[in-house]
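Before I ask anything, let me first share the structure, which is written out below as structure tokens.
The values are calculated or read from the model by the stated rules, or taken from the named source; none is laboratory data. Bear in mind that the values here come from a model prediction, so they are computed numbers and not experimental data. Ideal geometry is used to build each Cβ from the backbone, glycine not excepted, and the neighbour counts take in all protein chains shown.
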Amino acid sequence: MKKTALYDKHVSLGAKIVPFAGFEMPVQYSGVTEEHFAVREKAGLFDVSHMGQFFIEGSGSKELLQYVTTNNVDALENGKAQYSCLPNENGGIVDDLIVYKMEDDKYFVVVNASNIDKDWDHISKYNTFGANMKNASDEMSLLAVQGPKATEILQKLTETNLTEIPYYHFTVGSVAGVNDVIISNTGYTGSGGFEIYFKNENAVTLWDAIIEAGAEEGIIPCGLAARDTLRLEKGFCLYGNDIDDTTSPIEAGLGWITKFDKDFLSKETFAKQKEEGITRKLVGFELTDKGVPRHDYPVVDAEGNVIGKVTSGTQSPMKKVGLGLAYVDKPHFKLGSEIFIQVRNKNIPAKVVKAPFV
């Protein structure tokens, strides 16, 4: 198992450590609910250094990314980031990712930890454009400062004016005396904040500086469990649960990052799905009775026929109800449809709702 540069710090703070995507990662510190509310109301600090980072640059870098991703790289200007996905040859998703345009012919790509090798091999396979590729995943760390107080806290540590960085934009600056930090207005919690990328050797310095700077505002360390409940309340997809090699971006509600004004892998498949319609769709749902939905629980209709499967589910800390995401067959995926989630052989009524839930 790999460890991030902050592993010893997590252990010293009493974090519960679990194996995740090949890494020993903190799943929680003070407790999922406390961490969840800290991010929604104040601020939380996450070590997400297990994520993968690639640099793709030089002549052909834009052309390569245009072909292997669904979103339109032409829409990126220097200092802007873009959520996208890597389609496979069969109309599924290799991974979802963020593409950053550092400068002309230089891109920074952030991928999921469990897919680093898979994504690298996939992109490399289609690199007939002569782009230079570097896998910097083992050299870089990533901290996510999230919550309504995140900007205020991080601003104490940098001369960069954070209020001038719009959502899904970034800059390179100095934080807590550490130079060459990528400061990105992105996150996976839906509560605002920043993600910062830097060399591993600066991880402890930056972690300590952020915790100290945010003490007055109530920042606390947060683990993967709160990260999951936070992203689910906002309806954000998790690779391996809600999207995978067998799901298309059209089925997953990611048509907004699938741009047909360019050539890319599986374009014809997705265009056909968009034109002819899909037979199943990823939807948000809320239980209308007590119960907690979990990954892989069957979704059934009023007669008990299986019409889908839960991909992510939880008891929402904010709404105090069971909610989640599920692939549901047509016509049951329409908003307002009544469906049932099979929880321990009991069919709990639920309603198809629009995400985000919170």
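Can you tell me which residue in the range 35-72 is surrounded by the most Cβ atoms within 10 Å (Cβ to Cβ), limited to those that are farther than 21 Å from Asp8 by Cα and among the small types (Gly, Ala, Ser)?
Result: Ala43.
Just the residues that are free of Cβ contacts under 8 Å to residues at least 12 places away in the same chain and charged (D, E, K, R), please, taken from the range 151-196.
Glu164
Yes/no per residue for (1) polar (S, T, N, Q); (2) part of a loop (DSSP other than H, G, I, E, B); (3) in contact with a His (Cβ under 8 Å, 6 or more places away or on another chain):
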| residue | (1), (2), (3) |
| --- | --- |
| Lys118 | no, no, no |
| Asp138 | no, yes, no |
| Ser141 | yes, no, no |
| Pro148 | no, yes, no |
| Glu159 | no, yes, no |
| Thr163 | yes, no, no |
| Val172 | no, no, no |
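Being out of contact with any strand residue (DSSP E or B) (no Cβ under 8 Å at 6 or more places or on another chain), in the same structural domain as Thr151 (by TED's automatic domain parsing) and not β-branched (Val, Ile, Thr) narrows it down to one of Ala215, Ala226, so name that one.
Checking each option against the conditions leaves just Ala215.
Counting only residues that are under 16 Å from His122 (Cβ atoms) and more than 18 Å from the chain's Cα centre (by Cα), how many does the range 64-103 have?
9
Pick out the one residue from Val343, Val306 that is aliphatic (A, V, I, L, M), out of contact with any Lys or Arg (no Cβ under 7 Å at 6 or more places or on another chain) and surrounded by fewer than 17 Cβ atoms within 10 Å (Cβ to Cβ).
Among Val343, Val306, only Val306 is aliphatic (A, V, I, L, M), out of contact with any Lys or Arg (no Cβ under 7 Å at 6 or more places or on another chain) and surrounded by fewer than 17 Cβ atoms within 10 Å (Cβ to Cβ).
Looking only at the range 174-212, which residues are part of a strand (DSSP E or B) and more than 20 Å from Phe54 (Cβ to Cβ)?
Hits for the range 174-212 are Ser174, Val175, Val178, Asn179, Gly193, Phe194.
How many residues, within the range 18-67, are under 26 Å from Glu212 (Cβ atoms) and hydroxyl-bearing (Ser, Thr, Tyr)?
4
In addition: Does at least one position in the range 81-98 carry a residue that is assigned to a helix (DSSP H, G or I) and under 13 Å from Thr258 (Cα atoms)?
No: the range 81-98 contains no residue that is assigned to a helix (DSSP H, G or I) and under 13 Å from Thr258 (Cα atoms).
Now for a different question. Which residues, taken from the range 197-239, are surrounded by 20 or more Cβ atoms within 10 Å (Cβ to Cβ), without any contact (Cβ under 8 Å) to a residue 60 or more places away in the chain and farther than 19 Å from Phe23 by Cβ?
Phe236
Now a separate question. Would you confirm whether any residue within the range 279-300 is of a type in the set (A, V, I, L, M) and closer than 30 Å to Tyr29 by Cβ?
Yes: the range 279-300 contains one or more residues that are of a type in the set (A, V, I, L, M) and closer than 30 Å to Tyr29 by Cβ.
Another question, if that's okay. So which residues in the range 268-296 are over 30 Å from Lys346 (Cα atoms) and either without any contact (Cβ under 8 Å) to a residue 60 or more places away in the chain or loosely packed, with under 13 Cβ neighbours inside 10 Å (or both)?
Glu268, Ala271, Lys272, Lys274, Glu275, Glu276, Gly277
A further question on this structure: Checking Asn78 against (1) part of a loop (DSSP other than H, G, I, E, B); (2) in contact with a Ser or Thr (Cβ under 7 Å, 6 or more places away or on another chain); (3) surrounded by fewer than 18 Cβ atoms within 10 Å (Cβ to Cβ), which single condition isn't satisfied?
(2)
Go through the range 2-20 and give me each residue that's under 11 Å from His50 (Cα atoms) and surrounded by fewer than 17 Cβ atoms within 10 Å (Cβ to Cβ).
Result: Lys2, Lys3, Phe20.
Within the range 24-60, how many residues turn out to be in a strand (DSSP E or B) and in contact (Cβ under 8 Å) with a residue 24 or more places away in the chain?
Number satisfying all stated conditions: 14.
If you don't mind, there's one more thing I want to ask. Read through the list (1) out of contact with any Ser or Thr (no Cβ under 7 Å at 6 or more places or on another chain); (2) more than 24 Å from Leu45 (Cα to Cα); (3) in a strand (DSSP E or B), then give the number of the only condition that Phe108 fails.
(2)
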